[in-house]
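Undergrad: The structure that follows is given in the form of structure tokens.
Nothing in this text is a laboratory measurement; each read-out follows from the coordinates by a stated rule. Remember, predicted model here, so these are calculated numbers, not experimental data. Here the Cβ is made from the backbone with ideal geometry for all residues, glycine too, and neighbour counts use every protein chain on show.
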Amino acid sequence: MKSSLAQTFRDVADGSASTDRIFPSRTCSRTITDENGIGLPPESIFVVLPYDAEFGHTEKTSTLLLDAKLRAEYENLYRDIDSAKDALVKALQAQSGSKKPIEEEVSLAFTNTDDRFYTALQRISKELEGQKDTPFADVPYDTIFDQKVLDVLGTSDVKSALVNYVRRYNELLAASTFFKKGTFDYYNAAQIAKSLSDNGFFDAKHSVNLYNGERLEIRTRKELEDVIAKEKKAIIKDKELRQKFDAIAKTMEKNVILREFQAYVLDQEAILSQLSNINKFKEDIWKSYIRANYDLYLNLMSKYEAAQKRQKEIEDEAAIQRTEWERVINIFNERFFVPFTLEVRNRTAVMLGSEKIIDLGFTYHDGNENAVMAKNDLLRCLSTGERRAFYILNVIFEVEVRTKNGQETLMVIDDIADSFDYQNKYAIIQYLKDINEYLSKFRQIIMTHNFDFFRTICSRFVPYSQCLMASKNQSGIVLDKASGIRNIFVNNWKKAFFTDGAKRVASIPFLRNLVEFTRGEDDPNFITLTSLLHWKPGSASVTNGDLDKIYGGICGSAESYSDPTKPVMDFIQEVGTACLSAASDSLEVKIVLAMATRLAAESFMIAKLADPALVASISGNQTQQLVARFKSQFPGEAVAAEVLDRVQIMTPENIHLNSFMYEPIVDMSAEHLRKLYSDVKSL
């Protein structure tokens, strides 16, 4: 019943329709409203199951690490940076003509990974500062760095051809009248001419002097370009170089992309001189692209470096701040007994928003030895109770988030303490008590099969009037005010011992316990009371008057029951029969049914066995020994044997109970006991 109720609330929280999971075709009705008749919004319901391995901390619970003021400043730092970065990336995209992701390509070029864009930009800052020209600014990036082109350039034949080409090219460059490798060569010579002209060098009547034994003065851009063109032609027309170029060009005819590369190389043949070291060429190309957009680069880097400094200051400040998360950790570590401690590995990153989910670190403790463990490895090593205790951590997270957000919440708690040891069970109870006392926006429905948990909740913070017990009978489910939570014998049954038959009979095992605790099992009263729980040779002769005397000697009473001469055994069967149709499923009704059932079963077996000496010789576990002898002597009585087995299963713990622990019978359905008693009586 409780699991179905919890699931119904969870359906509301999930925005799902409730259905009968066994008979889905049945028509179902669900109505959950507040005290004003208004339906509860889904976000106001929080269902806590006994254990949910999938329920963990999320991006929502990670907000417990949030410092709103610091995080706002942190995010603003990068808002300006993102704008400057977008401007540079857009310019580089236009400059390169590339359709590839620019940030990844730049990062790969300078760091060999695709996610370190800013590291790449910082790495080349000094090189860019010293670079005055942009020789490869107009090279179409995708034409050179298409994967098919790179694959061909990486083959051994092409590599060898490139080495030969570059060797001859360098020889020609060294023999050139004016060109000099690395300073004034095929590529940057043209860039120098253009740069001088664009900056008004020749318009200002300046001149360039070239030396080759004698001085050649250049007064115009055209004169300089003519000299450069003549030098280029001398190199490109070299017969040996032409042969080496043709050897490379023939490999580039396989598909459209390679033919595009071939066409570009035919127009810009000297590009081949750069391809023998493709990685360096990629760096040089990106440096040309970036140097061509240097103002955008400088703007981004100035903002980034300033933000980096302030980011470090914010992170240092965040690292020493105490947040709500520390409160959750303290609640868990101080109250719950588990063999590990935990911490947040990425505390500052989550706090400032650069990471969204908390990364928990775990240290397992065993004596003086400690071991750092991953979550999944830890969970495999924990007991069921310890895993459930860890689950409570996530429940605390959820409660704290809802508290922080001011969310009115109905907590539906389904056997949260199941499988816990007593220390952790009481820690949970104290936490629920704290929620009740200090969190005004929370209400709780707490459900359990654990009677000790139920009784402790009642004694700690739930008023007796708000404790209910659920039972199911043929007419439906009944919620009754709880009874018998606090010492039912003293507070209830003693007062009705001489007036209420069910309470009088139910008191017999309690009286027997009291004699056992105070006088021992050899006391005559203990023996007499035992004969009212098992069929013994003297059982039939014990009267209500005898029971009154025992009660009076224990409890100091001189009262008498209305029919003192009536045998107690007959009285138990009469009261048991009345309980078959009783409207109540109270504790005393269930105890009477259990007692009457076992006595009727033993009476049946003793009569069938017809062996008084056997009965007299039994000193313990009488029902078990009688059932064993009955099965042995009457192997054909299969129906009776099945009923008697159920008697052994259902009645012992329901009779041998005391005022400190009578959970088994509280948790058992009275309907099951009624059926069993009827089955025994029909034997």
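Undergrad: So for region 488-681, what percent of the C-alpha to C-alpha distances run longer than 27 Å?
TA: Cα-Cα pairs in region 488-681 separated by more than 27 Å: 25 percent.
Undergrad: Of Lys100/Lys312; Lys132/Lys194; Lys536/Lys681; Lys495/Lys590; Lys99/Lys194, which ones are farther than 22 Å apart at the Cα? Write out the running numbers ahead of the final one.
TA: Working: Lys100/Lys312 32 Å; Lys132/Lys194 13 Å; Lys536/Lys681 19 Å; Lys495/Lys590 19 Å; Lys99/Lys194 28 Å.
Going by Cα-Cα distance, Lys100/Lys312; Lys99/Lys194 fall outside the 22 Å limit.
Undergrad: What FRET efficiency do you get for Gln122 and Lys375 if R0 is 41 Å and r is their Cβ-Cβ distance, rounded to the nearest 0.05? The partial results should precede the final answer.
TA: On the way: r = 35 Å, r/R0 = 0.86.
Plugging the Cβ-Cβ distance into 1/(1 + (r/R0)^6) gives 0.70.
Undergrad: Based on the Cβ-Cβ distance from Ile445 to Asp138, what FRET efficiency comes out when R0 is 56 Å, to the nearest 0.05? Could the numbers behind the result be given before it?
TA: Working: r = 73 Å, r/R0 = 1.31.
Using R0 = 56 Å, I get an efficiency of 0.15.
Undergrad: Can you tally the net charge around Asp434? Count Lys and Arg as +1, Asp and Glu as -1, for every other residue whose Cβ sits under 13 Å from the Cβ of Asp434.
TA: My count for the surroundings of Asp434 gives +1.
Undergrad: Relative contact order of region 488-681, please, whole-number percent, based on alpha carbon pairs below 8 angstrom and at least 6 residues apart.
TA: Working: 209 pairs, mean separation 45.3, N = 194.
Answer for region 488-681 is 23 percent.
Undergrad: Given the convex hull of the Cα atoms of region 102-149, what is a quarter of its surface area in nm²? Before the final figure, lay out each step's value.
TA: Details: hull surface 15.6 nm².
Convex hull of Cα atoms, orientation-averaged projection: 3.9 nm².
Undergrad: Once amide H atoms are built 1.01 Å from N in the peptide plane, which residues 5 or more positions from Gln444, or in another chain, come under 5 Å H to H?
TA: Met411
Undergrad: Using Cβ counts within 10 Å as a stand-in for footprinting exposure, how do Ser581, Ser603 rank, fewest first? Don't jump to the answer; show the numbers that get you there.
TA: Working: Ser581 7, Ser603 17.
Fewest-to-most ranking of Ser581, Ser603: Ser581, Ser603.
Undergrad: Right, something else. Please find the FRET efficiency linking Leu580 to Arg345, where r is the Cβ-Cβ separation and R0 is fixed at 60 Å, and quote it to the nearest 0.05.
TA: The formula returns an efficiency of 0.40 here.
Undergrad: Please give the contour-minus-distance gain from Ser160 to Ala607: 0.36 nm per residue of separation, less the Cα-Cα distance, rounded to one decimal in nm.
TA: On the way: separation 447, 0.36 × 447 = 160.92 nm, distance 10.88 nm.
Working it through step by step, the gained length comes to 150.0 nm.
Undergrad: Report, ordered by chain and residue number, the aspartates and glutamates lying within cross-link reach of Lys303, taken as a straight Cα distance under 12 Å and ignoring same-chain residues fewer than 8 apart.
TA: Asp80, Asp82
Undergrad: Turning to a different aspect of this structure: Which parts of region 585-620 would a label at Leu683 reach, counting a residue when its backbone N lies under 13 Å from a point 7 Å out along Cα-to-Cβ?
TA: Under cut-off, by backbone N: 596-610.
Undergrad: Now, a different point. Applying a 10 Å radius around every beta-carbon, put 507-519, 365-377, 107-119 in order of their mean neighbour count, most first. All intermediate terms of the calculation are to be shown ahead of the outcome.
TA: Details: 507-519: 18.8, 365-377: 10.3, 107-119: 16.2.
In decreasing order of mean packing, 507-519, 365-377, 107-119 become 507-519, 107-119, 365-377.
Undergrad: Find, among the trypsin sites (Lys or Arg not before Pro) in region 380-444, those assigned to loop by DSSP (not H, G, I, E, B) with at most 16 other beta-carbon atoms within 10 angstrom.
TA: Details: sites: Arg380, Arg387, Arg388, Arg402, Lys404, Lys425, Lys433, Lys441, Arg443; in loops: Lys441.
Taking region 380-444 and a limit of 16 other Cβ atoms within 10 Å, the loop trypsin sites (Lys or Arg not before Pro) found are Lys441.
Undergrad: Residues with beta-carbon under 14 Å from that of Tyr304, excluding Tyr304: net charge, scoring Lys, Arg +1 and Asp, Glu -1? Mind showing how you got there, number by number?
TA: On the way: positive: Arg79, Lys85, Arg116, Arg123, Lys303, Lys309, Arg310, Lys312; negative: Asp80, Asp82, Asp86, Glu103, Glu305.
Residues near Tyr304 contribute +3 overall.
Undergrad: Would you pull out the residues with amide H under 5 Å of Ala482's amide H, same chain only if 5 or more places away, H placed 1.01 Å from N?
TA: Cys467, Leu468, Met469
Undergrad: Arg646 to Thr518: extension gain in nm, 0.36 nm per residue of separation minus the Cα-Cα distance?
TA: Values: separation 128, 0.36 × 128 = 46.08 nm, distance 3.29 nm.
Here the segment from Arg646 to Thr518 would lengthen by 42.8 nm.
Undergrad: Sequence-distant or interchain residues sharing an amide H contact under 5 Å with Ile218, placed H: which?
TA: Result for Ile218 returns Val208, Asn209, Leu210.
Undergrad: Taking 0.36 nm per residue of separation and subtracting the Cα-Cα distance, what length does fully extending Glu225 through Glu326 add?
TA: On the way: separation 101, 0.36 × 101 = 36.36 nm, distance 7.13 nm.
Extending this stretch completely gives an extra 29.2 nm.
Undergrad: 7 Å from Cα along Cα→Cβ at both Leu614 and Ser383: what's the point-to-point distance in nm?
TA: 4.3 nm
Undergrad: Region 528-605: which GluC sites (Glu not before Pro) are DSSP loop and have at most 11 other beta-carbon atoms within 10 angstrom?
TA: On the way: sites: Glu559, Glu574, Glu588, Glu602; in loops: Glu559.
Those satisfying the criteria are Glu559.
Undergrad: I'd like the Karplus ³J(HN,Hα) series for region 412-418: coefficients 6.51, -1.76, 1.60, θ = phi - 60°, whole numbers in Hz, and an x wherever there's a Gly or Pro.
TA: In residue order, the calculated couplings are 10, 10, 10, 6, 5, 9, 4 Hz.
Undergrad: When the Kirkwood radius is taken over all Cα pairs of region 369-474, what Stokes-Einstein diffusion coefficient follows at 4 °C and 1.567 mPa s, in µm²/s? Display every interim value, and only then the final one.
TA: Numbers: Rh = 15.6 Å.
This corresponds to a translational diffusion coefficient of 83 µm²/s.
Undergrad: Moving on. Within 10 Å of each residue's Cβ, count the other Cβ atoms and sort Asp142, Asp198 from fewest upward. Numbers along the way, then the final one.
TA: Values: Asp142 15, Asp198 9.
The order, fewest Cβ neighbours first, is Asp198, Asp142.
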